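The structure appears below as C-alpha cells.
The values are calculated or read from the model by the stated rules, or taken from the named source; none is laboratory data. Everything numeric in this text was worked out from a predicted model, so none of it was measured. Every residue, glycine as well, gets a Cβ built from its backbone with ideal geometry; the counts of neighbours run over all protein chains shown.
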Amino acid sequence: MTILPSKFGSYGGRYVPETLMPALEQLEAEFTRARDDRAFQQKLNGLLVDYAGRPTPITYASRLSERLGGARIYLKREDLAHTGAHKINNALGQALLAQRMGKRRIIAETGAGQHGVASATACALLGLECAVYMGEVDMARQAPNVFRMRLLGAEVRPVSSGSRTLKDAINEAIRDWVTNVETTHYLLGSALGPHPYPTMVREFQKVIGREARTQMLAKTGRTPDAAVACVGGGSNAIGLFSGFLDDPDVALIGVEAGGEGIAGGKHASRFSDPERSRLGVLHGTHTFVLQTPDGQIAETHSVSAGLDYAAVGPEHAHLRDLGRAEYTVATDAEALAAFSLLSTLEGIIPALESAHAVAEAVRRAPKMKPDQILLICLSGRGDKDLDTVTPLLASPPSLKPSPVSLANGEGKSGGTGRRKSERK
Amino acid sequence: MPLAEIKLAFQRKPAFMPYLPVGYPTLADSIDALEALGKNGADLIEVGIPFSDPLADGPVIQQATHTALENGVTLGSVFDALRELRRRGVAIPLILMGYYNPIFRRGLEAFRRDALAAGADGVIVPDLPPEESGELEQALGGDFPCIRMLAPTTSADRAQKICASAKGFLYLVSVTGVTGARDKVSAGLPEFIARVRGAVPQGLPLCVGFGIASPAQAAEVGRIADGVIVGSACVRALGEAQQPKLAAANLARAFRAALKGIGP
Ligand SMILES: Cc1ncc(COP(=O)(O)O)c(C=O)c1O
C-alpha cells in the first residue's frame, strides 16, 4: 500500500496506530506528486535561495588543518543558513507540502530547538499555525531557542513525561497528531519516524550534499576523501551522504553522541553499544534502538540536545549494513574540546551537535595525508549552546586543547571533566 | 484453543471487556483487580503490558503504565500474572495489549510460546498495523489472533482489506485520538460501525474502545456494537480506590448491569 519503498533493507516501515495510516498514505502520495511537480520545486528552491540563503558556502579551515597536521579540512556551512542550522531545508519543504495538502496547523518536536525554530519560521512565513513540543530538560538547556520560537509566533508546549527530552517530545507530537490528524501536519525534524518521513526528510536535506559536491569540485577539483557529519536522528548526515553515495572513494562517516562514554551507558550511540542497542521499534521505525533487556526504551545522555535520542534513522542502519557508511562516537568531552578548538582557530562557533563531527575530524585528519581532503558538515551554529557550554569550559587552559590530548581521546579539556572527576 | 474461547465469550452480547495494565497501582493489586473483573461480569479482559513510550495512550494510561514500570513490571511478570489468574480460576479470554518493541525484543516465537503457556488468548498491538504485522502473525500461528484495529480515519478500501483476514474480533477505535475517557460517545460512531459491518466477514464481532467512560455510555455503544472496551475509566477507578479489588468488582457489576440484554 505504499508508493515508494517503505524500508531501507529491513529497516524503516510504518509502526503507528491505525488512525495515522491514512495520513501517512496521503503524505506519501502528496510528497511524490510534489517531487515531480516543477512548480512546487521552483517555489521551494526560490525560498531556499532567497529566504534561507542557499547555497551555503564551503569554508577551508586553514588554521584547523594546519594545527592538526594532516588532511585539508573543509566545512559545509549549514550554520550560515537562515535560523542557523540545516533544519530549515526540511522545514520549508514540509511546510510547503502541508500548505499543498490544505493543512493549516503544524506541529513539530524539537530537541536542540533548531528544528522548532525552523518550523516556527516556516510557519510564520507561510501563515500557518504552529505548536512545538519540547522536553523540559531540553527547554532548560536550549532556552534561547525557546524564546526564538515564541517570538516567531509558535506555541512551545513543555513535555514533562519520561526523560523530558526529544523522545518524549516526539511521543507528545504523535499523540497530538493522532488527535488532530485531519487538520494538522506533523513536521517531523529528522530522517526518522514512519515511512515516508525518512525518505522525505532525506530528499529535502539532499541539497546539502548536492551543493557540497559541486562546490568541492569547483574549489579543489575533486571529491573529498572523507565526509563527516553528526548523527542524531540522522538528517544532516543523510543529506550530506546522499551527495556522495555514488562516489565510492568518498568515505562517509557518521558521528554519534558518546556522552560520558559507552561503557557506563550514559550516551546516545545506537551503533557502538551492542549491549544496550538492539533492533527494535520506536516512533514508527524499525531500526537500532537503545533499550533495556525487557524492551523498554532506554534513557540517553548527551551534552548536545540534538543528538540525545534513542533510535537512529533507518537509512543509516542500512548504509552501515552495506558497508557504505561508517559510524563512530565522540564523547561530551571531545565535542566540547572541538567546540572551543573550532571557535578559537577559525572564528566559527559550532553547534554542540556539529562539534561531534569536528571532534571526529580532529581524530582523523592527523592520520590522513596532506593531499587528502576531509569535509565536515557544520550542521549548525553554537549560539544556542552558550548557556550549556560556558560553565563546562570554565577553566582557561581547556580553551586551547592540544591535538595530542584530543587524538588519544583523553579530552582533558574542561569539558565534563569536573563531573567525571567527581565520579572517580 | 484461544480462537474458540474468544468466540464463546461473544455469545453474550454486548461483551464487556475492561482493560487494566499489570502492575498498577501495585503488582498485587492489579492481579486482585483483574481477578475481580473476571469474576464479576467481564466477558474478556485486556491485560496491559506496560511500555515506556505508549504513544497511542492518553495521560491516564500513560501514567498508570509508568507506575507499573516503576513497580518493576516486565513482560515476564505479565505472564506470571496471567498464570496466577488462571490458577485462581479466571476462565474468560485474556487478551494481551501492548506495544511492539517489548514483544519484538522477547522474540516472536518466544512470545507465542510464553503467552500461550501463561494462558493468553490473543494480543492487541496498537502500533502494529496490518502492513507490519506479518511476522508476528506468522509466529503466532492460526489459532492465536493478533487483533486488528480500525479507526474513524480508515477508508472503506482499507477497511475491506483489514477485515478480510481479521481474526477473533475487530477493535474499532471510537475516536480520532488517543485513549482516555470522553464526555460523550463520538457522534460518528453509528455510521462508522454500519460502514464496517458491511466489510466484515460473517460472525466477526465488532468491539468499540477508546473514550467510553460510564455504564450509560457503554450501554449506548452496546446497542450497536458486539463488545465494549473500557480502559482509562477502569484504570482511574482503581487508582483512586482504597480497595482496588472491591472497586474492580463494583465497576464490573455496574457495567455488566448496564449492558444486560441490549445487544445489537
Ligand atoms: C545543529 C544541529 N545539528 C544536528 C542535529 C541532529 O539532527 P540530525 O541528525 O537529524 O541532523 C540537530 C538537531 O536538533 C541540530 O540542531
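May I ask you to list the residues in region B:150-175 that are within 14 Å of chain A (Cβ to nearest Cβ) and within 24 Å of B:Pro215 (Cβ to Cβ)?
B:Pro152, B:Leu170, B:Tyr171, B:Leu172, B:Val173, B:Ser174, B:Val175
Within region B:190-202, identify whether any single residue is over 27 Å from A:Glu172 (Cβ atoms) and under 14 Å from the mean Cα position of the chain (by Cα), and answer yes or no. Before you say what the answer is, go through the steps one by one.
Initial filter on region B:190-202 (over 27 Å from A:Glu172 (Cβ atoms)): B:190-191, B:193-202.
Remaining after also requiring under 14 Å from the mean Cα position of the chain (by Cα): none.
No, the conditions are met nowhere in region B:190-202.
Please work out if A:Arg222 is at positive phi, away from the ligand (no atom under 15 Å from the Cβ) and of a type in the set (Lys, Arg).
Numbers: at positive phi: no; away from the ligand (no atom under 15 Å from the Cβ): yes; of a type in the set (Lys, Arg): yes.
Taking the combined requirement at face value, the residue does not satisfy it.
Among A:Val389, A:Val289, which is the only one that is touching a residue at least 24 places away in the same chain (Cβ under 8 Å) and within 16 Å of the ligand (Cβ to nearest atom)?
Among A:Val389, A:Val289, only A:Val389 is touching a residue at least 24 places away in the same chain (Cβ under 8 Å) and within 16 Å of the ligand (Cβ to nearest atom).
Do the conditions hold for B:Ala56, that is, is it in contact (Cβ under 8 Å) with a residue 24 or more places away in the chain, within 13 Å of chain A (Cβ to nearest Cβ) and part of a loop (DSSP other than H, G, I, E, B)? Give the steps one after another, and end with the answer.
Details: in contact (Cβ under 8 Å) with a residue 24 or more places away in the chain: yes; within 13 Å of chain A (Cβ to nearest Cβ): yes; part of a loop (DSSP other than H, G, I, E, B): yes.
Judged against the criteria, B:Ala56 is a match.
Determine, yes or no, whether A:Ala95 is aliphatic (A, V, I, L, M), part of a loop (DSSP other than H, G, I, E, B) and more than 25 Å from B:Ile162 (Cβ to Cβ).
Details: aliphatic (A, V, I, L, M): yes; part of a loop (DSSP other than H, G, I, E, B): no; more than 25 Å from B:Ile162 (Cβ to Cβ): yes.
Answer is no for this residue.
Which one of the conditions (1) modelled with pLDDT of 95 or more; (2) within 12 Å of the ligand (Cβ to nearest atom) does A:Ala112 fail to meet, given that it meets all the rest?
(1) is the only condition that A:Ala112 fails.
If only one of A:Leu279, A:Leu307, A:Leu290 is within 12 Å of another protein chain (Cβ to nearest Cβ) and either under 20 Å from A:Glu109 (Cα atoms) or of a type in the set (Lys, Arg) (or both), which one is it? Don't jump to the end; show me each part of the working.
Details: A:Leu279 fails: either under 20 Å from A:Glu109 (Cα atoms) or of a type in the set (Lys, Arg) (or both); A:Leu307 fails: within 12 Å of another protein chain (Cβ to nearest Cβ).
That would be A:Leu290, the only listed residue that is within 12 Å of another protein chain (Cβ to nearest Cβ) and either under 20 Å from A:Glu109 (Cα atoms) or of a type in the set (Lys, Arg) (or both).
Quick check, is B:Val208 within 12 Å of chain A (Cβ to nearest Cβ) and within 23 Å of B:Val235 (Cβ to Cβ)? Before you say what the answer is, go through the steps one by one.
On the way: within 12 Å of chain A (Cβ to nearest Cβ): no; within 23 Å of B:Val235 (Cβ to Cβ): yes.
The answer is no for B:Val208.
When you go through (1) crowded, with 21+ Cβ neighbours inside 10 Å; (2) in a helix (DSSP H, G or I); (3) of a type in the set (D, E, K, R) one by one for B:Arg148, which number turns out not to apply?
(2)
Hey, can you tell me all the residues within region A:137-156 that are more than 16 Å from A:Ser304 (Cβ to Cβ) and surrounded by 16 or more Cβ atoms within 10 Å (Cβ to Cβ)?
Taking region A:137-156 and keeping what is more than 16 Å from A:Ser304 (Cβ to Cβ), we get A:146-156.
Across region A:137-156, the qualifying residues are A:Val146, A:Arg148, A:Met149, A:Leu152, A:Ala154, A:Val156.
Residue by residue, here is whether (1) touching a Gly at 6+ places or on another chain (Cβ under 9 Å); (2) surrounded by 19 or more Cβ atoms within 10 Å (Cβ to Cβ); (3) at negative phi holds:
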| site | (1), (2), (3) |
| --- | --- |
| B:Ala194 | no, no, yes |
| B:Val208 | yes, yes, yes |
| B:Pro215 | no, yes, yes |
| B:Glu220 | no, yes, yes |
| B:Ser232 | yes, yes, yes |
| B:Ala241 | no, no, yes |
| B:Pro244 | no, yes, yes |
| B:Ala252 | yes, yes, yes |
| B:Ala257 | yes, no, yes |
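With respect to A:Pro350, is the statement that it is within 14 Å of chain B (Cβ to nearest Cβ), under 19 Å from the mean Cα position of the chain (by Cα) and either of a type in the set (A, V, I, L, M) or within 14 Å of the ligand (Cβ to nearest atom) (or both) true? Can you show your working first?
On the way: within 14 Å of chain B (Cβ to nearest Cβ): no; under 19 Å from the mean Cα position of the chain (by Cα): yes; either of a type in the set (A, V, I, L, M) or within 14 Å of the ligand (Cβ to nearest atom) (or both): yes.
Criteria not met by A:Pro350.
A:Val231: within 13 Å of the ligand (Cβ to nearest atom), β-branched (Val, Ile, Thr) and either within 14 Å of another protein chain (Cβ to nearest Cβ) or buried (at least 17 other Cβ atoms within 10 Å of the Cβ) (or both), yes or no?
On the way: within 13 Å of the ligand (Cβ to nearest atom): yes; β-branched (Val, Ile, Thr): yes; either within 14 Å of another protein chain (Cβ to nearest Cβ) or buried (at least 17 other Cβ atoms within 10 Å of the Cβ) (or both): yes.
Considered against the rule, which asks whether it is within 13 Å of the ligand (Cβ to nearest atom), β-branched (Val, Ile, Thr) and either within 14 Å of another protein chain (Cβ to nearest Cβ) or buried (at least 17 other Cβ atoms within 10 Å of the Cβ) (or both), A:Val231 comes out as yes.
Regarding A:Leu245, is this residue within 16 Å of the ligand (Cβ to nearest atom), at pLDDT 95 or above and within 21 Å of A:Glu360 (Cβ to Cβ)? Even if it seems obvious, please write down each step before you answer.
Numbers: within 16 Å of the ligand (Cβ to nearest atom): no; at pLDDT 95 or above: yes; within 21 Å of A:Glu360 (Cβ to Cβ): yes.
No.
Please give the number of the condition A:Ile262 fails out of (1) away from the ligand (no atom under 16 Å from the Cβ); (2) free of Cβ contacts under 8 Å to residues at least 40 places away in the same chain; (3) farther than 30 Å from A:Thr214 by Cβ; (4) in contact with a strand residue (DSSP E or B) (Cβ under 8 Å, 6 or more places away or on another chain).
Result: A:Ile262 passes all but (2).
Could you tell me which of the residues B:Leu82, B:Leu20, B:Leu37, B:Leu3 is under 16 Å from the mean Cα position of the chain (by Cα) and not in a helix (DSSP H, G or I)?
Values: B:Leu82 fails: not in a helix (DSSP H, G or I); B:Leu37 fails: not in a helix (DSSP H, G or I); B:Leu3 fails: not in a helix (DSSP H, G or I).
Matching residue, one of B:Leu82, B:Leu20, B:Leu37, B:Leu3: B:Leu20.
Select from region B:107-141 the residues that are more than 22 Å from B:Leu55 (Cβ to Cβ) and in contact (Cβ under 8 Å) with a residue 60 or more places away in the chain and list them in ascending order.
Matches in region B:107-141: B:Leu116, B:Ala120, B:Asp121.
If A:Gly102 meets every condition in (1) away from the ligand (no atom under 12 Å from the Cβ); (2) touching a residue at least 24 places away in the same chain (Cβ under 8 Å) apart from one, which number is that one?
(2)
Identify all residues within region B:104-148 that are out of contact with any Gly (no Cβ under 9 Å at 6 or more places or on another chain) and within 13 Å of chain A (Cβ to nearest Cβ); write none if there are none.
Answer for region B:104-148, where residues must be out of contact with any Gly (no Cβ under 9 Å at 6 or more places or on another chain) and within 13 Å of chain A (Cβ to nearest Cβ): B:Gly107, B:Leu108, B:Ala110, B:Phe111, B:Leu128, B:Pro129, B:Pro130, B:Ser133, B:Gly134, B:Glu135, B:Leu136.
Considering only region A:126-212, give the helices (runs of 4 or more DSSP H) lying wholly within it that have at least 3 residues that are away from chain B (no Cβ under 11 Å).
Numbers: elements: A:136-141, A:143-151, A:166-180.
Counting at least 3 such residues, we get A:136-141, A:143-151.
Looking at region A:275-384, what helices (runs of 4 or more DSSP H) fall wholly within it and have at least 2 residues that are small (Gly, Ala, Ser)? Before the answer, list the steps.
Values: elements: A:314-322, A:332-346, A:352-364.
Output list reads A:332-346, A:352-364.
Please go through region A:293-304 and pick out each residue that is crowded, with 24+ Cβ neighbours inside 10 Å and facing chain B (nearest Cβ under 8 Å). Let's see the steps before the verdict.
So in region A:293-304, the residues crowded, with 24+ Cβ neighbours inside 10 Å come out as A:295, A:297, A:300, A:302-304.
Result: A:Gly295, A:Ile297.
Looking at A:Ala34, A:Ala23, A:Ala39, which one is within 14 Å of another protein chain (Cβ to nearest Cβ) and within 23 Å of A:Ala98 (Cα to Cα)? Before you say what the answer is, go through the steps one by one.
Working: A:Ala34 fails: within 14 Å of another protein chain (Cβ to nearest Cβ); A:Ala39 fails: within 14 Å of another protein chain (Cβ to nearest Cβ).
Criteria check complete, one pass: A:Ala23.
Give me a count of the residues in region A:1-20 that are within 12 Å of chain B (Cβ to nearest Cβ) and outside any helix (DSSP H, G or I). First the steps, then the outcome.
First pass over region A:1-20, keeping only residues within 12 Å of chain B (Cβ to nearest Cβ): A:1-2, A:6-7, A:10, A:12-20.
Filter once more, so that each one left must be outside any helix (DSSP H, G or I): A:1-2, A:6-7, A:10, A:12-17.
Count: 11.
In region B:168-184, how many residues are surrounded by fewer than 20 Cβ atoms within 10 Å (Cβ to Cβ) and either of a type in the set (Val, Ile, Thr) or not in a loop (DSSP other than H, G, I, E, B) (or both)? Give the steps one after another, and end with the answer.
Within region B:168-184, the first condition is being surrounded by fewer than 20 Cβ atoms within 10 Å (Cβ to Cβ), and the residues that meet it are B:176, B:181-184.
This time we only want the ones that are either of a type in the set (Val, Ile, Thr) or not in a loop (DSSP other than H, G, I, E, B) (or both), so: B:176.
The qualifying residues number 1.
Report yes if A:Pro57 is within 14 Å of another protein chain (Cβ to nearest Cβ), under 30 Å from A:Leu375 (Cβ atoms) and not charged (D, E, K, R), otherwise no. So that I can check it myself, show each step before the final result.
Working: within 14 Å of another protein chain (Cβ to nearest Cβ): no; under 30 Å from A:Leu375 (Cβ atoms): yes; not charged (D, E, K, R): yes.
Judged against the criteria, A:Pro57 is not a match.
A:Gly189 passes all but one of (1) within 15 Å of the ligand (Cβ to nearest atom); (2) in contact (Cβ under 8 Å) with a residue 40 or more places away in the chain; (3) surrounded by fewer than 20 Cβ atoms within 10 Å (Cβ to Cβ); (4) under 19 Å from A:His82 (Cβ atoms); which number fails?
Condition not satisfied by A:Gly189: (3).
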